[in-house]
Amino acid sequence: MPTDSFNEHSVVCDKTAFKYYRTPPRYLGACPAPPLFEPDPRYRKLRTAPLITEVLGLPLHVLTDDVKKRSHGETLRFHVIDPELRLGHTRETVHGFRLASPELTLFTLSRTLTFNQLVMAMYEMCGRFTLYEPTQRLEAELVMRNASELFDGWSRVVSESGKPTSLWSRPPLVSLAELKDFASEIEGTRGARLFSRAVDCVSGMTASPLEAQLSMLLWMSPNLGGRGYRNIQNNCHIKLSKSAGLLTDMHSAEVDLRVLSPDGTQE
């Protein structure tokens, strides 16, 4: 067994955790737990496990607090991190291993993504959307199980022609307030300033990549390529006037992007 093996204290992070969070529960449920804790010379069983071949891919990115365990292997890639950062920021999975929380996942991603990619990943985690394309093998498995339309809180967006797309609608995985709290919690840690700057570039909860990109363009400062206009609100509920209510047969509506005047008096 390799010395840098996976154990009960290991926490999946970075790109691997991001892929896990992007995968609808119905597809995760179709994959059995991978043999992470079994004797597996050269990881032969692990490499062929459905969760690895159909969802996560290799290498698996894993947190460690042991500098000697740092590695860049083809199967397991360990990232050194202060163990205190993991406290309260890991989650159990149905596959038997622990997963970095959305905020900790984003922090580990900050070391490998460009700044704009990190901001976009934050919008996705805080938003009601994700991008996911199942493999043919996994799709066939769900059809065989009659679980393609299983209600798990996620719904696939279809195109105008009725074809399924890679865009999914789902509840937010983390709130902007939680990201801000995490940024304050890790203050002084290497990479914390970059993470905090990225959090400051998120205006709110969006429901699609287009909404997120438009918000980035308006909200982010000019030196980062934006307009620096921060008098906007994402997906806010408004009360409709009596005449509008008669036309729409609704008392209120959700506005994708509400733009206010600088003094906040006009919209």
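The numbers here are math on the coordinates, done by the rules we state, and not lab data. Predicted model only: the values in this text are computed from it and were never measured. Counting neighbours? That spans all protein chains shown, and the Cβs are built from the backbone with ideal geometry, glycine included.
Annotations
- Spatial separation of Cα centroids for region 177-207 and region 240-267, in angstrom: 30 Å
- In terms of its C-alpha gyration tensor, region 1-141 has an oblate overall shape, because the principal axis ratio a/c (a ≥ b ≥ c, square roots of the eigenvalues) is not below 1.5 and a/b does not outweigh b/c.
- Along principal axes, Cα extents of the chain, largest first, whole Å: 70, 50, 29
- Computed helical MRE - 222 nm, the chain, DSSP H runs ≥ 4 contributing -39500 (n - 2.57), nearest 500: -8500 deg cm²/dmol
- Convex hull of region 104-149 built on C-alpha atoms - directionally averaged projected area, nm²: 4.6 nm²
- The length gained on full extension between Arg91 and Asp152, counted as 0.36 nm times the residue separation minus their Cα-Cα distance, comes to 20.1 nm.
- Peptides 177-187, 250-260 ordered by packing proxy, namely the average of other Cβ atoms within 10 Å per residue, highest first: 177-187, 250-260.
- Normalising the average separation of contacting C-alpha pairs (under 8 angstrom, six or more residues apart) by the number of residues puts the relative contact order of region 1-149 at 29 percent.
- Computed from Cα atoms, the angle from the helix 176-185 axis to the main principal axis of the chain rounds to 50 degrees.
- Bridge type composition, the chain - antiparallel percent by DSSP, nearest 5: 75 percent
- Two-decimal log10 I(q)/I(0) for region 64-221, as the Debye equation yields it once each C-alpha is a single scatterer, q = 0.08, 0.15 Å⁻¹: -0.29, -0.97
- When the P(r) of region 90-171 is calculated, the portion above 16 Å amounts to 67% of the C-alpha pairs.
- Asp256 versus Glu74: modelled label distance in nm, points set 7 Å from Cα along the beta carbon direction: 4.5 nm
- Between Thr189 and Glu139, the distance separating the two model label sites (each 7 Å from Cα on the Cα→Cβ line) works out to 3.9 nm.
- Added length on full extension, which subtracts the Cα-Cα distance from 0.36 nm per residue, Glu38 to Ala177: 46.1 nm
- Note on Glu160 and Arg111: the model spin-label points, each 7 Å out from Cα along the C-beta direction, lie 4.5 nm apart.
- Considering all different alpha carbon pairs of region 180-267, the Kirkwood hydrodynamic radius works out to 15.1 Å.
- Peptide ranges 58-64, 100-106, 214-220, 133-139 listed from the most packed, as the mean C-beta count within 10 angstrom indicates: 100-106, 58-64, 214-220, 133-139
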